[in-house]
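A short worksheet on the structure shown next.
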Amino acid sequence: MSFLKKLKEKFQGTPKEQEEVSDKYKDGLSKTRKSFSEKINDLVARYRKVDEDFFEDLEEVLIAADVGVTTVMDLIEELQMEVKRRNIKDTAEVKDVISEKLVEIYKGEDETTENTALNMQKDELTVILFVGVNGVGKTTTIGKLAHQLKSEGKEVLLTAGDTFRAGAIQQLNEWGDRVGVDVIKHNEGSDPAAVIYDGIQAAKSRNADVLLCDTAGRLQNKVNLMNELAKVKRVIEREVPNAPHEVLLVLDATTGQNALSQAKTFSEATDVSGIVLTKLDGTAKGGIVLAIRNELDLPVKLVGLGEKMTDLQTFDPNAFVYGLFADLLEEE
């Protein structure tokens, strides 16, 4: 059975909860899929055989989807080897190999999926630090995750550590009111580390399960950014052993390759443990997910697939590729 058929069967007739997840990916990746599927189908229709010209045009299609030049080169090389190994002559059969290799970027050949779940502590306070530039959806992500965790029965607190951007504290406070969780905050211009410290003390005294910490995202002066994040991390490490348990970098998928350069900068500034990719539903370049994973060796842990409170999803590589190839799967 082909890989695409296996993928199709995996998400058809599955439990309702899993089906809802796959539908979210299918809907959320509609812009990327429309562009990607049309180009792949056009490519297959134009070429009768798998040759060097075919791979050159495929390279352009993948780069246009923002899969990233380095990732594309690696992928094309693997595809060429696999096509040769399987003795594939028909271009239509290459679609199956492409989907298989895209999943393998997240999964080894032994099918062991990387753990994209958040590192939640059992019976102890979990501290999650959010980093990222302004405008990427950091505060909205914190609000949505707070809603998700609260709906799971967890006691959640938010800390307004972005004391630099005008309106950041108020924005987080509004999310706190909307979700029904408290926000620990100081005045604008306060020391972020001091706010985070107070947040930790409040979380401890209230026996909270999770503390979600916002931070400033200025990149104008990388030295200041590094110093500030380092100070915040030192405070967290001192007050909570082995914390922060996650340092999540929030990136806007619609910015494409710019998100990749932001990821590199923040990875230099602090120990990023995972990526949150927002606004995936708003771009035709969803391939950035693969570029981030392959070029930065960082797992994408959460993805934003829409504006609703429930549209923040744990990243699922199978569901992602299913969403990317759903139109092609209809032809299977």
So, in region 132-143, of the ones that are among the hydrophobic types (A, V, I, L, M, F, W, C) and in a loop (DSSP other than H, G, I, E, B), which residue ends up nearest to the chain's Cα centre (by Cα)? V136
Could you go through region 285-302 and let me know if any residue there is free of Cβ contacts under 8 Å to residues at least 40 places away in the same chain, in contact with a helix residue (DSSP H, G or I) (Cβ under 7 Å, 6 or more places away or on another chain) and in a strand (DSSP E or B). no
Please identify the pairs in which a residue from region 49-65 that is surrounded by 15 or more Cβ atoms within 10 Å (Cβ to Cβ) has its Cβ atom under 6 Å from the Cβ atom of a residue that is among the basic types (K, R), counting only partners at least 6 apart or on another chain. V61/K39; A65/K285
One residue is enough: does region 68-78 have a residue meeting the conditions of a type in the set (G, A, S), within 29 Å of the chain's Cα centre (by Cα), part of a loop (DSSP other than H, G, I, E, B) and crowded, with 18+ Cβ neighbours inside 10 Å? yes
Give me the residue from region 129-151 that is at pLDDT below 95 and touching a Lys or Arg at 6+ places or on another chain (Cβ under 6 Å) and, out of that set, surrounded by the fewest Cβ atoms within 10 Å (Cβ to Cβ). N134
Out of region 174-200, which residues are assigned to a helix (DSSP H, G or I) and within 18 Å of T139 (Cβ to Cβ)? E174, W175, G176, D177, R178, V179, P192, V195, I196, G199
Taking region 144-173, which residues are in a helix (DSSP H, G or I), more than 23 Å from N224 (Cα to Cα) and without any contact (Cβ under 8 Å) to a residue 40 or more places away in the chain? K150, S151, Q170, Q171, N173
Name the residue that is modelled with the highest pLDDT, counting only residues in region 86-107 that are surrounded by fewer than 21 Cβ atoms within 10 Å (Cβ to Cβ), in a loop (DSSP other than H, G, I, E, B) and not β-branched (V, I, T). N87
Residue, nearest to M120 (Cα to Cα), within region 257-314, restricted to residues that are in contact with an Asp or Glu (Cβ under 7 Å, 6 or more places away or on another chain) and of a type in the set (A, V, I, L, M): L305
So, in region 229-279, of the ones that are buried (at least 18 other Cβ atoms within 10 Å of the Cβ) and among the hydroxyl-bearing types (S, T, Y), which residue ends up farthest from T314 (Cα to Cα)? T270
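The values are calculated or read from the model by the stated rules, or taken from the named source; none is laboratory data. It should be emphasised that the depicted structure is a prediction, and the values quoted were computed from it without experimental measurement. Cβ sites come from the backbone with ideal geometry, for glycine too, and all protein chains shown count toward neighbours.
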